[in-house]
1. Accessible area per residue, 1.4 Å probe, Å², for the chain: what's the number?
2. Where the centre of each part is set by its Cα atoms, how far does the stretch 1-58 sit from the stretch 125-165, in angstrom?
3. Please report, ordered by residue number, every helix of the chain (full DSSP H runs) that is 15 Å or longer along its axis going by C-alpha atoms and whose mean Kyte-Doolittle hydropathy reaches 0.0.
4. Would you kindly state how much longer the chain becomes between R164 and S146 on full extension, computed as 0.36 nm times their sequence separation minus their alpha carbon distance, in nm to one decimal?
5. Within 12 Å, Cβ to Cβ, of E48, how many net charges do the neighbouring residues add up to if Lys/Arg are +1 and Asp/Glu are -1?
6. Near the amide H of L67, under 5 Å away, which other amide H atoms are found, from residues 5 or more places off or on another chain, if H is placed in the peptide plane?
7. Express the carbon and sulfur contribution to the solvent-accessible surface of the chain as a percent, rounded to the nearest whole number, probe 1.4 angstrom.
8. On average, how much area does the Cα convex hull of the stretch 1-123 cover when viewed from any direction, in nm²?
Amino acid sequence: MLIVGTDVAAVEIELASGRLACPRCESRLRPWAHARERDVRGDNAVVERRRPRRTICSSCQVTHVLLAEDTLSRRRDAVSVIGTALVAKSRGHGRRSIAAGLALHESTVAGWLRRFSQMARLIREHFTRWAALLDPGHGPISSRGSVFRDAVEAIGVVGVVAVRRFGPRPPWALACRLTGGGLLATRAHPYPSPM
């Protein structure tokens, strides 16, 4: 899987012009059909039907799905919706009130919160490394009293540091890119190294 921008036409141009590289061997990716169609729930539970582009490496022949940076791997909801829930939880809200505020089923939100809680230490470490890489002079990330809150804070700090360095971009889209779409991944070591 390769994380790309949300503009489908721009991604197709990048692919056709050979500017997308295989994450495995760094050779040129070529178009190769599409992945299975899927629904993505965005803000206000608005559903958008998508069919992600599939590519094949011109050298190693491995196929890759191009996943837009506003979605996470194996998640139906947009990363901004999931991020809203994570921030709300870090501010002390419970899963019922978060789910009601997002017009989603409580079990969906509970699943995100549970998975993030399980991964919080790794997420905090991953984003702390990214903050140090993007701005070595930024200093340490302040503890917020729980590993969950610290992980959300680390994502926020990277968002701020990235804006200073590269200009505005949606913070949760950045989180998606920096985790290779696996912010709530189930793999043992889900995050690509920043170094």
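The values are calculated or read from the model by the stated rules, or taken from the named source; none is laboratory data. Model, not experiment: these values are computed from the prediction. A quick note on method: Cβ atoms are made from the backbone with ideal geometry, for glycine too, and the neighbour counts reach across all protein chains shown. These area figures cover heavy atoms from the full protein model, side chains too; ligands, DNA and RNA do not enter into them. Shrake-Rupley method; radii C 1.70, N 1.55, O 1.52, S 1.80 Å.
1. Numbers: 10500 Å² over 195 residues.
I get 54 Å² per residue for the chain.
2. The stretch 1-58 and the stretch 125-165 have Cα centres spaced 28 Å from each other.
3. Numbers: long enough: 79-90 (16 Å, 1.49); 106-134 (37 Å, -0.10); 147-166 (28 Å, 1.18).
Helix filter hits for the chain: 79-90, 147-166.
4. Working: separation 18, 0.36 × 18 = 6.48 nm, distance 2.68 nm.
The R164-S146 span can extend by a further 3.8 nm.
5. Numbers: positive: R38, R41, R49, R50, R51, R76; negative: E37, D39, D43, D70, D77.
Value of the local net charge: +1.
6. Residues meeting the amide H criterion: L2, I3, V4.
7. On the way: 5360 of 10500 Å².
So the carbon and sulfur contribution to the accessible surface is 51 percent.
8. On the way: hull surface 33.9 nm².
Value for the stretch 1-123: 8.5 nm².
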